[in-house]
1. Only one of (1) in contact with a strand residue (DSSP E or B) (Cβ under 8 Å, 6 or more places away or on another chain); (2) modelled with pLDDT under 90 is not met by residue 138, so which one is it?
2. Among the listed residues 57, 29, 85, which satisfies the condition of being modelled with pLDDT under 90, out of contact with any strand residue (DSSP E or B) (no Cβ under 6 Å at 6 or more places or on another chain) and crowded, with 19+ Cβ neighbours inside 10 Å?
3. Restricting attention to segment 193-205, does a residue exist that is closer than 27 Å to residue 123 by Cα and either touching a strand residue (DSSP E or B) at 6+ places or on another chain (Cβ under 7 Å) or not assigned by TED's automatic domain parsing to the domain that holds residue 81 (or both)?
4. Can you find a residue that is under 22 Å from residue 78 (Cβ atoms), modelled with pLDDT under 80 and part of a loop (DSSP other than H, G, I, E, B) anywhere in segment 109-125?
5. Only one of (1) at pLDDT 80 or above; (2) under 21 Å from residue 230 (Cβ atoms); (3) outside any helix (DSSP H, G or I) fails for residue 186. Which number is that?
């Protein structure tokens, strides 16, 4: 599989980005390195329309997909990676630097097939980054090491640096024969069914529902389930829910 085939499976997702210059710069970086699948989650409409005048990235922007939420934007992706400057945030996910994360992404692209082969890389706004809810959809997080006094970089630069590292390593990424991983939509169905069981059993209270939902979603993604295993878990959880309902 050549680099251009791999890159067709990479979705760059911009979540809540409001500055048209940043959207345009991100699209231009994608075009420069051969990535063309741009998705914008809960976009600021005016900024998105203005960004479409970005020089050198018209095709990427015209074909960009708009989604109401991060969950919708990553539904067909089997690996979802959030980017973060870290700063003072308390992270609940495994964190890898770009040098270590890029080979894992490339290995995923080589190993997976068809709809199970897409990878989403999430970028948040420069001001706020990714929200806790956005991060709960991620399998792990990635950051670009910088000097300590510089805690963040321009969005366009961050996209360019991450995609350059992928492009640089594409030719030497190792092959893998691991089973096709579950995509985000399959994991979200499993998460929802598991939460139904936890509510029915009384494990999750109404007062703590939001925090538990994020924690359960993160836990499910840490399992790194194959598509086949996710289907089996979904069937088991549905049977458990049916039994719980019949006993009420």
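The values are calculated or read from the model by the stated rules, or taken from the named source; none is laboratory data. Owing to the predicted nature of the structure, the values given are computational and were not obtained by experimental measurement. Cβ sites come from the backbone with ideal geometry, for glycine too, and all protein chains shown count toward neighbours.
1. (2) is the only condition that residue 138 fails.
2. Only one candidate qualifies: 57.
3. no
4. Among the residues of segment 109-125, at least one is under 22 Å from residue 78 (Cβ atoms), modelled with pLDDT under 80 and part of a loop (DSSP other than H, G, I, E, B), which makes the answer yes.
5. (3)
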